[in-house]
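Chemist: Quick one: this structure, given as structure tokens, is what I'll be asking you about.
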Amino acid sequence: MRATSLRRYLLTGILVPVGVLIIINTISLYQQALGAVNTAYDRTLLASAKSIGEELDVEGYDQQSRLRVALPYAALEAFEADNQSRFFYRVSSLSGEVVSGFSDLSFWRGSIPAKPPYSALVDFYDDTYQGDDVRVAVLLQPVASANGRAMAVIQVAETLELRQTLARKILLDTLWRQAILLAVIALVAVIVVQRATRPVRRLSAELQARREGDLTPIAAPDAPRELLPLMDATNQVMGRLQHLLEHQKRFVRDAAHQLRTPLAVLKVQVQSALRGDLDATAALSEINQTVDRATVLANQMLALAKVEQLRQQPGAQQSDLAAVVRAVALDLSPLLVEKDIDFDIETTAADISAHEWMLGELSRNLLHNAIKHTPAGGTLAVRVIRDSRSVALTITDSGPGISNELAARLYQPFSAGNERQGSGLGLAICREIVEALQGTVTLENNVVHGQVTGLTATVRLPLAEVS
């Protein structure tokens with residue numbers, strides 16, 4: 001499907017309503033002008049009828065009256081302003097008896113309107129005479145003289161050529177004016193739309209001219225305010241893409257660097273075993289340890305990558321941190337039993353807006369690290385305590401704690417306290433998860449009488465909003 005053109009959309013949205021309004025306005029103007037023309041010509045017909053009425057005479061009264069008229073046709077020439085229209089007239093009594101004029105002109109059978117438009121007993125109607133359409137004015141004219149009194153019916157008919165010609169002229173003039181108006185509006189609309197969409201075209205050209213991989217924010221200080229939300233959203237997307245690219249590059253770089261060492265060690269151990277430098281059991285034991293370290297490293301690097309993936313997913317689900325911590329503690333219980341650790345756990349239900357895997361990975365890394373550093377027969381306590389806004393996960397062990405030198409770089413990737421026992425990614429994974437969940441993580445030594453008696457890891461996370 002072809003993308004909708006913004007310019008075409010704007011022009012259509014402007015010109016179509018304007019065009020419809022102009023058409024409606026044209027029809028209205030034409031009807032008003034035609035009504036004014038008909039009114040003017042009807043007034044001419046009424047004047048003709050009154051002129052004829054002035055030439056009437058009567059003898060007798062009412063039913064015995066006889067009307068007389070001496071009206072040459074030349075008397076109507078004053079009303080024929082051109083050679084296009086023709087006039088016809090008929091003078092009759094109320095009973096329809098023809099007194100003068102065109103006897104084949106149909107006698108009026110209508111009625112005078114209750115509120116006639118003029119101060120006279122007049123009616124106007126359309127009819128056909130001798131095959132032509134005519135406009136007829138009927139005037140009921142009282143006639144009185146010294147010898148009688150009667151009511152005359154005067155009909156004056158006019159053909160419509162002049163009216164039709166004038167109506168066509170008015171229509172053409174109206175159409176021309178409205179067409180010029182529409183053309184001017186269209187020209188102005190095109191110019192305005194072109195100028196309004198110029199910043200969009202300029203931004204598009206700038207983005208197309210960028211080098212591959214250039215995700216720097218868009219800078220357009222002269223852009224209209226309507227484009228600012230789009231630019232801000234685009235810059236945010238580009239910032240996220242830049243972050244993802246940097247994370248991907250860092251992951252590939254770290255993976256290549258960190259996996260190279262155990263693979264090289266594994267190769268040396270295999271070659272040594274093949275030469276017979278060590279007996280088979282010792283060689284396999286060293287190879288097994290190297291594979292275990294490489295496996296842990298690979299799993300933790302994949303976990304670190306998954307944290308970033310889940311960070312980008314919108315609409316995280318809600319998970320109960322207490323339930324997750326208890327499930328992780330149950331999974332690690334064999335390690336607790338193996339070291340005969342006095343383990344204590346106390347939790348309170350607390351829903352977090354996070355993927356359950358993230359909370360599980362966070363709890364597993366912290367608890368596993370605490371178990372590893374707790375001496376045999378030591379103590380380990382886990383607490384999940386919440387307040388109105390946040391929940392705190394605290395894990396307190398009885399290990400040796402951390403030195404000041406190690407604390408400065410503890411959250412950096414591949415900074416392990418004991419390089420032979422860990423990859424240094426556990427706390428880095430914890431920090432990434434906590435930052436993704438907009439929380440905090442701290443490690444503090446427990447000091448009693450100047451002696452370090454253990455380490456407390458505290459994670460504070462915001463509670464999920466109640467919907």
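Chemist: Please determine whether any residue of the range 287-303 is at pLDDT 75 or above and surrounded by 16 or more Cβ atoms within 10 Å (Cβ to Cβ).
Modeler: yes
Chemist: Is it true that Thr165 is under 30 Å from Ala33 (Cβ atoms), at pLDDT 80 or above and not charged (D, E, K, R)? Full working, then the answer.
Modeler: On the way: under 30 Å from Ala33 (Cβ atoms): yes; at pLDDT 80 or above: yes; not charged (D, E, K, R): yes.
Criteria met by Thr165.
Chemist: What number of residues in the range 135-166 are more than 59 Å from the chain's Cα centre (by Cα) and within 18 Å of Leu46 (Cα to Cα)? Walk me through how you get there before you give the answer.
Modeler: Quick first cut of the range 135-166, residues more than 59 Å from the chain's Cα centre (by Cα) only: 136-159.
Remaining after also requiring within 18 Å of Leu46 (Cα to Cα): 136-143, 151-159.
Summing the residues that are more than 59 Å from the chain's Cα centre (by Cα) and within 18 Å of Leu46 (Cα to Cα) in the range 135-166 gives 17.
Chemist: What are the pairs, 6+ residues apart or on separate chains, where a residue within the range 191-208 that is within 18 Å of Ile14 (Cα to Cα) has its Cβ under 9 Å from a residue that is among the β-branched types (Val, Ile, Thr) and not in a helix (DSSP H, G or I)?
Modeler: Here the result reads none, with nothing in the range 191-208 linked to a residue that is among the β-branched types (Val, Ile, Thr) and not in a helix (DSSP H, G or I).
Chemist: List every residue pair whose Cβ atoms sit under 7 Å apart, with the two residues 6 or more apart in sequence or on different chains, where the first one lies in the range 137-166 and is in the same structural domain as Gln31 (by TED's automatic domain parsing) and within 11 Å of Lys50 (Cα to Cα) and the second, anywhere, is acidic (Asp, Glu) and at pLDDT below 90.
Modeler: Ala137/Asp42
Chemist: Just one of (1) under 30 Å from Asn288 (Cα atoms); (2) among the charged types (D, E, K, R); (3) at pLDDT below 90 trips up Lys339, so point out which.
Modeler: So the condition that Lys339 fails would be (3).
Chemist: So for the range 106-116 (the condition being buried (at least 16 other Cβ atoms within 10 Å of the Cβ) and among the aliphatic types (A, V, I, L, M)), does at least one residue qualify?
Modeler: Within the range 106-116, none of the residues are buried (at least 16 other Cβ atoms within 10 Å of the Cβ) and among the aliphatic types (A, V, I, L, M).
Chemist: Any residue in the range 21-36 that is in contact (Cβ under 8 Å) with a residue 60 or more places away in the chain and under 30 Å from Ser145 (Cβ atoms)?
Modeler: No, because not a single residue in the range 21-36 is in contact (Cβ under 8 Å) with a residue 60 or more places away in the chain and under 30 Å from Ser145 (Cβ atoms).
Chemist: Which of the following residues is out of contact with any Phe, Trp or Tyr (no Cβ under 6 Å at 6 or more places or on another chain) and farther than 26 Å from Glu158 by Cβ: Gly60, Gly35?
Modeler: Gly60
Chemist: Considering the range 208-227 alone, what residues qualify as being out of contact with any helix residue (DSSP H, G or I) (no Cβ under 6 Å at 6 or more places or on another chain) and either of a type in the set (D, E, K, R) or at pLDDT 80 or above (or both)?
Modeler: Listed by number, the residues that qualify are Gln208, Ala209, Arg210, Arg211, Glu212, Asp214, Thr216, Asp222, Arg225, Glu226.
Chemist: A further question on this structure: Kindly provide the set of residues from the range 94-134 that are touching a residue at least 40 places away in the same chain (Cβ under 8 Å), part of a strand (DSSP E or B), under 18 Å from Leu46 (Cα atoms) and not aliphatic (A, V, I, L, M), ordered by number.
Modeler: Once the filter is applied, which keeps residues that are touching a residue at least 40 places away in the same chain (Cβ under 8 Å), part of a strand (DSSP E or B), under 18 Å from Leu46 (Cα atoms) and not aliphatic (A, V, I, L, M), the range 94-134 yields Gly101, Phe124.
Chemist: While we're looking at this one, here's another question. List pairs: first in the range 417-446 and assigned to a loop (DSSP other than H, G, I, E, B), second basic (Lys, Arg) and modelled with pLDDT of 75 or more, Cβ under 6 Å, 6+ apart or cross-chain?
Modeler: Final answer for the pair search is Gly439/Arg460.
Chemist: Quick check, is Arg66 loosely packed, with under 15 Cβ neighbours inside 10 Å, in contact with a Gly (Cβ under 7 Å, 6 or more places away or on another chain) and at pLDDT 75 or above?
Modeler: Yes: the conditions hold for Arg66.
The values are calculated or read from the model by the stated rules, or taken from the named source; none is laboratory data. None of the values given here were measured: they were computed from a predicted structure. Please note: Cβ atoms are built from the backbone with ideal geometry, for glycine as well, and neighbour counts cover all protein chains shown.
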